[in-house]
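Values in this text are rule-based calculations from the coordinates and carry no lab data. Predicted, not measured: the structure shown is a model, and the values here were computed from it. Backbone-built Cβ (ideal geometry, glycine too); neighbour counts: all protein chains shown.
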Amino acid sequence: MSLAFVKSPDGADPIIVEGVFRATAERMFAAWTTPSDIKQWFGPGPGHLDEVDVDLREGGAWRFLYGMKDGQSNELAGAYQEIEAPRKLVFSWVHTRAFEDGRAESTAESKVTMTFDERDDGTLVRLVHEAIQTEDGRLGVGGGWNGSFVRLEATIAAELAAAE
């Protein structure tokens, strides 16, 4: 798989992912903060997220849940640390994998900083994910973010085509 949106070297800290999307900064900010939008593009594909909770305020929690499959569930969660709609979004990130037998494993908290820079050709969305403790973790997260950006690009392109 091409990691066209990943701009940092493989396995580096921080992971930098960016792309220009043919939409306003307001639309791109909403794509990252509206549960129904997030379900369309985040993760391995539409319909994969079972739950999306967003409390969009500084200190508010967010949570994305992939329900039990193949004996495990995955939850991504954190709290919003800084919100400057529609230009900037900063949040903490913890990945917890839970198993059918009751065991759970969580990563150490990391940090994601998003910026939305509107330009003539669209909005430059830049994501910096820092403080992931292992190289394997960074490689997995980098690939995951790249895949999500690919699906986000397709979602925005479909909206644009429908509007024409």
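Cα to Cα, under 28 Å, and not fewer than 8 places away if on the same chain: which lysines meet these conditions relative to residue 88?
Result set, ordered by chain and number: 7, 39, 111.
Quick one: if the Förster radius is 22 Å, what FRET efficiency do residue 162 and residue 24 give, using the C-beta to C-beta distance and rounding to 0.05?
After rounding to 0.05, the efficiency reads 0.85.
I'd like the distance separating the alpha-carbon centroids of region 1-45 and region 140-159, in whole Å.
Using only Cα atoms, the two centres lie 5 Å from each other.
Would you mind checking the tilt of helix 135-163 against the longest principal axis of the Cα atoms of the chain, expressed as 0 to 90 degrees and rounded to 10?
Between helix and principal axis, roughly 40 degrees.
From the helices alone, meaning DSSP H stretches of at least four residues, give me the mean residue ellipticity at 222 nm for the chain, per-run term -39500 (n - 2.57), in deg cm²/dmol to the nearest 500.
That comes out to -9000 deg cm²/dmol.
Given +1 on the Cβ of Lys and Arg, -1 on the Cβ of Asp and Glu, and no further charges, what dipole in debye does region 15-163 carry about its Cα centre, rounded to the nearest 20?
Once rounded to the nearest 20, the dipole reads 140 debye.
Lys and Arg at +1, Asp and Glu at -1: add these up for the other residues within a Cβ distance under 14 Å of residue 74 and post the number.
That sum, taken over residues with Cβ under 14 Å, equals -2.
By how many nm would the segment from residue 10 to residue 61 grow when fully extended, if each residue of separation counts as 0.36 nm and the alpha-carbon distance is taken off?
15.4 nm
Please report the net charge: other residues with Cβ closer than 14 Å to the Cβ of residue 138, K and R +1, D and E -1.
With Lys, Arg at +1 and Asp, Glu at -1, the neighbours total -3.
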